[in-house]
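Working notes for the structure below.
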Amino acid sequence: MSQLSQALPGFDLADLHLAEEDIPWVPNGQGLSFKPLHFSPGAGWWVNLIRVERGGHISRHRHLAPVQGYVLQGAWRYLEHDWTAQAGSYVWEPAGDVHTLEVLGDETMITLFTVHGAIQYLDDQGNLVQQDDARSRAALYMEHCRREGIQPRALVA
Ligand SMILES: [Fe+2]
């Protein structure tokens, strides 16, 4: 059992349903929030909804393992690629890809991402600024729940 599972005494692997209201949007920067659904710190992956408001962006980052995305709402692009993702798009981000997300249009974008491995945020010179992984992302969620007095419900296994 991981430390995170131990931190969730009510967690039950048989409890595989989460309603929309069970999980909060966790603020993670200006105009940016995530709704965690499932963390697997041991295996190094997590599933979450990412929400970025109009005019927002996710700073330049590199993935150490593949990421899959499915766009539920809005439109966005990566500055480094020539395609546009919109509601209904499926996105594959291979290990090593470096990109910067920019929201297009007036609508808030919401995308379901399954993220394997770490995300490394980079400065303009390509230097590592910050790193995120299943464990650190779960810790952000737990901290938010503690601060807001919310019972953690995202799956951790
Ligand atoms: Fe990415």
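Only the coordinates and a few stated rules stand behind these numbers; no lab work does. All figures in this text were calculated on a predicted structure; none of them were measured in a lab. Because the Cβ atoms are built from the backbone with ideal geometry, glycine has one as well, and the counts that use them run over all protein chains shown.
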Next on the checklist: Amide H of T108 versus every other amide H placed in the peptide plane: which residues, excluding those fewer than 5 positions away on the same chain, fall under 5 Å?
Outcome noted: R54
Checklist entry - Once you put a point 7 Å from the Cα of E20 and another 7 Å from the Cα of W83, both along the Cβ direction, what distance in nm separates them? => result 2.8 nm
Item to check | Neighbourhood net charge (14 Å Cβ-Cβ; Lys/Arg +1, Asp/Glu -1) for L122 | outcome: -3
Checklist entry - What is the sum of charges around S33, taking Lys and Arg as +1, Asp and Glu as -1, for the other residues whose C-beta is under 11 Å from the C-beta of S33? => result +1
Checklist entry - Measuring from the lowest to the highest alpha carbon on each principal axis, how far does the range 46-105 reach, largest first, in angstroms? => result 29, 21, 19
Checklist entry - Where in the range 18-101 are there GluC sites (Glu not before Pro) that are in a DSSP coil and have at most 16 other Cβ atoms within 10 angstrom of their Cβ? => result E53, E80
Checklist entry - If amide H atoms are built 1.01 Å from N in the plane of the peptide, which residues on other chains or at least 5 residues away come under 5 Å of the amide H of D97? => result H63
Checklist entry - For the Cα atoms of the chain, what angle does the longest principal axis make with the long axis of helix 134-148, in degrees from 0 to 90, nearest 10? => result 70 degrees
Checklist entry - Restricting attention to the range 16-93, which chymotrypsin sites (Phe, Trp or Tyr not before Pro) occupy a DSSP loop and are surrounded by at most 11 other Cβ atoms within 10 Å? => result W83
Checklist entry - Local charge sum around P94 (other residues, Cβ-Cβ under 15 Å, Lys/Arg +1, Asp/Glu -1)? => result -2
Next on the checklist: At a threshold of 8 angstrom on Cα-Cα distance, excluding pairs fewer than six apart, so keeping six or more, what relative contact order does the chain reach in percent?
Outcome noted: 28 percent
Next on the checklist: Can you tell me the mean projection area, over all orientations, of the convex hull of the chain's alpha carbons? Units nm², please.
Outcome noted: 9.4 nm²
Checklist entry - When the helices in the chain are scored as -39500 (n - 2.57) per DSSP H run of 4 or longer and the sum is shared across all residues, what 222 nm value do you end up with, to the nearest 500 deg cm²/dmol? => result -3500 deg cm²/dmol
